[in-house]
Structures are given as C-alpha cells and as structure tokens.
Amino acid sequence: MKKLMNSPSSYVDESLSGLVLAYPDLARSGKTGRTIVRRGGAIRGKVGIVTGGGSGHLPLFCGYLGDGLLDACAVGNVFEGPVLQSCIDAIDAANSGEGVLLLFGNYGGDRMNFSMASKMANVKNIHTVLGTDDIASAGGHERDKRRGVAGIVLAFKAAGAAAQAGLQLKEVARIAQKTVDRTHTIGMAWSGCRLPSADQPVVSMIDGDVEMGIGIHGEQGIWRRPMAPADVLIEEMVGRILDDRQPQARGTRVVLMLNNLGATPVDEIFIAYRRAHETLSGKGFAIARSFVGSFATSMEMAGISISVCFVDEEIEPLFSMPSSSPFWSVQ
C-alpha cells in the first residue's frame, strides 16, 4: 500500500499548507499552525461554530468552513484529536461576541481538550453538541456513547444555516442537537487503510470479505462475511437505520447522504445510492434532499456509509439554505 508523501512527520502540515494554498478563503492560524480559519475572520453579529478532529478524514473536519457552515477548526494528527492549544485558538478565532457552538464527534480526546479549551478561551458563552450518529458503535439505550461519523456533516449544515440566519447561540445549539438526535449512520468497508507512519493496515481484511458497521478508524463492526450483492448490503444498512430511529422522529421525510469512505469508485457509490433511495421510498419515505459524495473519509478505506436524517418542518428547510465551503456547497 503506497502513499504520496514526503515523510510521516510532515504529512499533516504539508497537507494543510496545500489546502490553504488551493483555497485562499482559508488560512492556517494559531500558535500550533493546526487551526484552520476563514480568512476574513469571525462574522460580526453571528454565532461562531467550531469543530475539530484528527486528520485523515477530509473533508472532515476543516473542509466545511464557509458561509452557512463552520467558522474555525482545530486539526490533530492522523486519527488523533487536536491538541488543547489548537482548540483554544479555534474558539477564539470564531468568536464575534455572539458566543460559540462547539460541534464535534464523540471521541474521548476531542471531548477532553475542547472541554478544557472552553474554560481557557477568551469567550464567555460556549455551548457544546456532540455528534453521535454511528448506530453500530453502541445500542439504542446508550446513544450518548455513540461515535460521530459522516452524519455530523448534516448537523454542520443545519446549525450553520441557523447561525447564518441570525439565531442566537441557545437556538443554534438546539437545532444542532435536534439534527444529531434525528440522524443515523452506518458504514461498511471491504478494505482498510494505513496510517502514514505504519507498515501495516489499521484493519487487515481477507480479499472478498466485507465488514458491516466498521468505524472510521477501523473500529470493529457488527459482522464480517464474504462480499454480497450491493442491493442485499444496502437493504440491510437502511433496515438497521430504520429500526434505530426514535419515536419522536416518526415523520416520513428524510435527508439521505451516501458517503464514500475514501477509495470506492464513484460508479459504485451511485449503485448504492440507487438502492438506498428505492428502499426508503418503498417503505413510504420521501427523500427531501439527497447528498452523494465524499463527506467523511478514512484515508484509502474502500467502503461507504449511509446517513439518514428524519427531518421535520423546522429543520428540513435548513438543508436547502445556501451554503458554500471548499468541499461542499448547497444552492
């Protein structure tokens, strides 16, 4: 397994330098150089939204800075949470005086450093919402233990639209939490990935096998079996999502996201999307909005994830409000 790099030690910083050269609306900032911000700075009169996490998941996390989305991002090493100073710098950079929402995945290192940063930053009003959409990572009775994966991007969109519309921090945080609560994701993969500093893949898989429920860092899934036809696998994924939804999310309109985990051919992504759309429609759901592409990757992992947000009349319009970022724009 080859990687296009100069050295493992320079992997993240060279990637970030290339990112901001390619997208001049972004800039590297902070004492560590691992904080990515909007070059124009915090927007006066708007709640700031900050995220953060390890490298290796682009466009997560720093690919979603822009109008109607996020304002700053703290970046860690590959598959490692950002350090404390980067989190502090991201919070301060996003603050315009209206408070800051912290919206990031439910991982221990991220929680610890953002929690400390929220006490040390020069911001008085901070709310935190954790992405917990990965249904394979904990049961329905332990939703607070679930990891955040691709579905957090839908929370970025809803919260970003709410902030752009001028809502106050308490309301932006409520919208973000509501979107998280209504969003369910499951992934599968048939080959793993390798860290820049490692000689072996994070997960070793026999050629011809597929793992249902695998995490974006290679966390163990629900089962591993020989590869099956696409329709069979997609029907199981959608079925698990539908079985997991909560009673308060019993509407019939959904936002559907089909995500490439890194190395899946685009043609195959649309084969999967076709069956997910058909399965949901066949069960009486209307697809209010669809998003297909690479939203949260795991290096060169071959696989996909499906996210479904069960929308209502409050959050559905937020997914159609204009937004713009280097990797994702909605018009």
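The values are calculated or read from the model by the stated rules, or taken from the named source; none is laboratory data. Keep in mind that what you see is a predicted model, and the values were worked out from it rather than measured. Cβ placement follows ideal geometry from the backbone for every residue including glycine, while neighbour counts extend to all protein chains displayed.
So the values come out like this:
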| read-out | value |
| --- | --- |
| Gly30 being out of contact with any helix residue (DSSP H, G or I) (no Cβ under 6 Å at 6 or more places or on another chain) and on the phi > 0 side of the Ramachandran plot | no |
| Scan of the range 243-256 for residues that are within 13 Å of Leu280 (Cβ to Cβ) and free of Cβ contacts under 8 Å to residues at least 60 places away in the same chain, ordered by number | Thr252, Val254, Leu256 |
| From the options Ala117, Ala150, residue that is in contact with a Cys (Cβ under 9 Å, 6 or more places away or on another chain), within 24 Å of Thr35 (Cα to Cα) and either in the same structural domain as Cys87 (by TED's automatic domain parsing) or of a type outside the set (Lys, Arg) (or both) | Ala117 |
| Residue match in the range 71-81 (condition: over 18 Å from Ala155 (Cα atoms), touching a His at 6+ places or on another chain (Cβ under 6 Å) and either of a type in the set (Phe, Trp, Tyr) or part of a loop (DSSP other than H, G, I, E, B) (or both)) | yes |
| Tally, over the range 49-64, of residues that are surrounded by fewer than 24 Cβ atoms within 10 Å (Cβ to Cβ) and assigned to a strand (DSSP E or B) | 2 |
| Among the candidates Ile234, Ile214, Ile241, residue that is within 18 Å of the chain's Cα centre (by Cα), surrounded by 14 or more Cβ atoms within 10 Å (Cβ to Cβ) and assigned to a helix (DSSP H, G or I) | Ile241 |
| Within the range 245-273, considering residues that are surrounded by 17 or more Cβ atoms within 10 Å (Cβ to Cβ) and at pLDDT below 95, the one nearest to Gly148 (Cα to Cα) | Arg245 |
| Some residue of the range 169-187 being of a type outside the set (Gly, Ala, Ser), part of a loop (DSSP other than H, G, I, E, B) and either under 27 Å from Gly76 (Cα atoms) or over 19 Å from the mean Cα position of the chain (by Cα) (or both) | no |
| Failed item, numbered, when Asp312 is tested on (1) of a type outside the set (A, V, I, L, M, F, W, C); (2) crowded, with 19+ Cβ neighbours inside 10 Å; (3) not in a strand (DSSP E or B) | (2) |
| Qualifying positions in the range 121-164 - over 13 Å from the mean Cα position of the chain (by Cα), of a type in the set (Lys, Arg) and in a loop (DSSP other than H, G, I, E, B) | Lys124, Arg146 |
| Matching entry among Asp89, Asp67 (being farther than 25 Å from Ile241 by Cβ and surrounded by fewer than 20 Cβ atoms within 10 Å (Cβ to Cβ)) | Asp67 |
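Listed here are the residues, each with its yes/no results for (1) out of contact with any helix residue (DSSP H, G or I) (no Cβ under 8 Å at 6 or more places or on another chain); (2) more than 27 Å from Met1 (Cβ to Cβ); (3) buried (at least 19 other Cβ atoms within 10 Å of the Cβ).
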position	(1), (2), (3)
Ser115	yes, yes, no
Ser118	no, yes, no
Thr128	no, yes, no
Ser137	no, no, yes
Asp144	yes, yes, no
Lys170	yes, yes, no
Ala176	no, yes, yes
Gly187	yes, no, yes
